[in-house]
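The values are calculated or read from the model by the stated rules, or taken from the named source; none is laboratory data. Bear in mind the structure is a predicted one, so any value in this text is a computation, not a measurement. Note: ideal-geometry Cβ built from the backbone for every residue, glycine included; neighbour counts use all protein chains shown. All accessible areas refer to the heavy atoms of the entire protein, side chains included, with ligands and DNA or RNA removed. Shrake-Rupley method; radii C 1.70, N 1.55, O 1.52, S 1.80 Å.
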Amino acid sequence: MRHAQLRAFHGVATWGGFSKAADKMAISQPALSDHVRKLEETYGVQLFVRGTRSITLTDLGRKLFALAERQIEIETAARDLLQRARKVEEGHITIGADAAMHALPLIRAFRARHPAVRFRVISGNSANLIERLEAFEIDFAVVADVPPASAFSARLLREDQLVAFVASD
């Protein structure tokens, strides 16, 4: 069974006719009819009782429609989830940082624009965090060591001067 065939069947059952379904689905009526016909022929079944001006689902058609409804709902939920993720409306981000103080300004700025996103900060040394990034255990890392250029996209966030103090004697 092809996905297009099931969608065509679902459309016809939903809108109660081939012409109306074709119009709503932005597909030609002959193409829509062909999908439904091929679905019925492939399985040797009749899904609709066709009248001169109306169609009615057969018992098998009603059962298939219930299944198709669930699939369409799942597709819609999956599409909505992916669209929300692309818009960064919700979700969880795990950040690895060798010094959390360097990650906090980034988190604060991001949360100001995307308040529904939740953060988790994991600390560790640069080598450990790079390993966790490679293993997809964290989403990104804020580290002192620059990872191999070919493996990651890196951005310089800041440069700090390090000063060592020792006893004068």
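Placing R0 at 35 angstrom, the Cβ-Cβ distance between D169 and E131 gives a FRET efficiency of 0.25 after rounding to 0.05.
On full extension, the segment bounded by R86 and S153 gains 22.2 nm, given 0.36 nm per residue less the C-alpha separation.
Dividing the summed -39500 (n - 2.57) terms of all DSSP H runs of n ≥ 4 by the residue count of the chain sets its mean residue ellipticity at 222 nm at -16500 deg cm²/dmol. For region 90-97, putting each phi into the Karplus relation 6.51 cos²θ - 1.76 cosθ + 1.60 with θ = phi - 60° gives couplings of 7, x, 10, 10, 10, 10, x, 9 Hz, in residue order, rounded to whole numbers and with x for Gly and Pro. Based on every Cα atom in the chain, Rg and the maximum pairwise Cα distance Dmax equal 28.1, 105 Å. Rounded to the nearest Hz, the phi-derived 3J(HN,Hα) couplings of region 64-78 under the Karplus curve 6.51 cos²θ - 1.76 cosθ + 1.60 (θ = phi - 60°) are 5, 4, 4, 5, 5, 4, 5, 5, 4, 4, 5, 4, 5, 5, 5, where x marks glycine and proline. Rolling a 1.4 Å probe over the protein chains gives T94 an accessible area of about 20 Å². Treating r as the C-beta distance of A99 and T76 and R0 as 45 Å, the FRET efficiency rounds to 0.55. When Rg and the Kirkwood Rh are both derived from Cα coordinates, the Rg/Rh ratio for region 101-169 amounts to 1.07. For region 54-146, the Cα-based Rg and Dmax, in that order, read 21.7, 70 Å. The candidates L133, L60, arranged from most to least accessible area with a 1.4 Å probe in the full protein assembly, appear as L60, L133. Projecting label points 7 angstrom from Cα along Cα→Cβ for A4 and I122 puts them 4.4 nm apart.
In the context of the full set of protein chains, residues of region 1-50 present 57 Å² of accessible surface per residue (probe radius 1.4 Å, heavy atoms only).
The relative contact order of the chain, computed from alpha carbon pairs under 8 Å that lie at least 6 residues apart in sequence, is 15 percent.
Residues whose amide H comes within less than 5 Å of that of G91, counting only those at least five positions distant or on another chain, are R118 (H built at 1.01 Å from N in the peptide plane). Report in % the part of the accessible area of the chain that belongs to carbon and sulfur, leaving out ligands and nucleic acids; probe 1.4 Å. For the chain, the apolar C and S fraction of the accessible surface comes to 54 percent. Just to confirm the number: angle between the C-alpha axis of helix 100-113 and the first principal axis of the chain, 0 to 90 degrees, nearest 10? Tilt of helix 100-113: around 40 degrees. Using r as the Cβ-Cβ distance of L60 and D139, and R0 as 41 Å, what FRET efficiency do you calculate, to the nearest 0.05? Efficiency for this residue pair is about 0.30. Ranked from largest to smallest solvent-accessible area, with a 1.4 Å probe on the protein heavy atoms, R118, R108 come out as R108, R118.
Counted residue by residue at 0.36 nm each, then reduced by the alpha carbon distance between them, the extension gain from W15 to F110 reaches 29.8 nm. Cα centroids of region 1-39 and region 91-169: 51 Å apart.
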